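Novice: My questions all concern the structure below.
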Ligand code: URA
């Protein structure tokens with residue numbers, strides 16, 4: 001393994017690999033349990049995340065925290081990060097070169113955390129992780145096997161808030177996908193991974 005999470009976070013904290021460095025208050029690296037079995041990946045920090053330095057602390061974050069609670073998980077039990085670590089101005093979509101510039105940090109996070117399950121929230125994270133130009137509505141709720149890990153795309157919580165809200169079909173789909181998350185995490189660990197964990201190799 002090349003770098004620890006702490007080393008990566010330190011390097012990221014004064015990163016100037018792309019133009020998003022110009023408008024940020026601070027880099028929003030990631031939060032949670034570095035040994036989590038599940039890592040959630042969003043798009044990029046918004047206004048509150050940029051101010052507080054933590055992903056998913058605004059309205060979308062409250063919905064994410066609520067959904068975690070519904071399956072018995074706290075934010076401290078999981079790891080939460082974004083495709084880009086700096087807030088795009090005015091919350092615009094991240095541009096392809098910004099996503100590329102930030103990719104080493106995301107890969108470093110995955111390499112360190114080694115989650116058995118990656119949950120991609122919305123189009124951007126899903127396309128980056130699956131490396132395919134898919135639409136979230138088509139693939140959400142489906143399990144993908146990427147490099148021996150399960151990837152489960154689901155709707156971005158902000159899309160629910162800006163769409164139909166808590167009574168919408170998208171919300172029902174999000175809830176169903178979170179039940180799938182709980183099911184996957186309840187599945188027995190593959191033997192090789194379990195043994196390596198016992199030996200303290202991970
Ligand atoms: N939306 C995201 O994609 N990430 C955050 O951290 C907050 C809102």
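Novice: Please verify whether segment 3-10 includes one or more residues that are more than 16 Å from the ligand (Cβ to nearest atom) and buried (at least 20 other Cβ atoms within 10 Å of the Cβ).
Specialist: yes
Novice: What is the number of the single condition among (1) assigned to a loop (DSSP other than H, G, I, E, B); (2) farther than 23 Å from residue 182 by Cα that residue 7 does not meet?
Specialist: Residue 7 satisfies all of (1) assigned to a loop (DSSP other than H, G, I, E, B); (2) farther than 23 Å from residue 182 by Cα except (1).
Novice: Another question about this same structure. Kindly provide the set of residues from segment 104-127 that are within 16 Å of the ligand (Cβ to nearest atom) and surrounded by fewer than 21 Cβ atoms within 10 Å (Cβ to Cβ), ordered by number.
Specialist: Those that are within 16 Å of the ligand (Cβ to nearest atom) and surrounded by fewer than 21 Cβ atoms within 10 Å (Cβ to Cβ): 123, 127.
Novice: Please enumerate the residues belonging to segment 16-61 that are outside any loop (DSSP other than H, G, I, E, B) and under 15 Å from the mean Cα position of the chain (by Cα).
Specialist: 31, 32, 38, 39, 40, 41, 42, 49, 60, 61
Novice: So which residues in segment 74-91 are at pLDDT 95 or above and either crowded, with 20+ Cβ neighbours inside 10 Å or within 9 Å of the ligand (Cβ to nearest atom) (or both)?
Specialist: Selection gives 75, 78, 79, 80, 81, 82, 83, 84, 85, 86, 87, 88.
Novice: Out of the residues in segment 92-103 that are within 14 Å of the ligand (Cβ to nearest atom) and farther than 18 Å from residue 156 by Cα, state the one that is surrounded by the most Cβ atoms within 10 Å (Cβ to Cβ).
Specialist: Among those residues, the one meeting the criterion is 102.
The values are calculated or read from the model by the stated rules, or taken from the named source; none is laboratory data. This structure is a prediction, so every number in the text was calculated from the model and none was measured. Backbone-built Cβ (ideal geometry, glycine too); neighbour counts: all protein chains shown.
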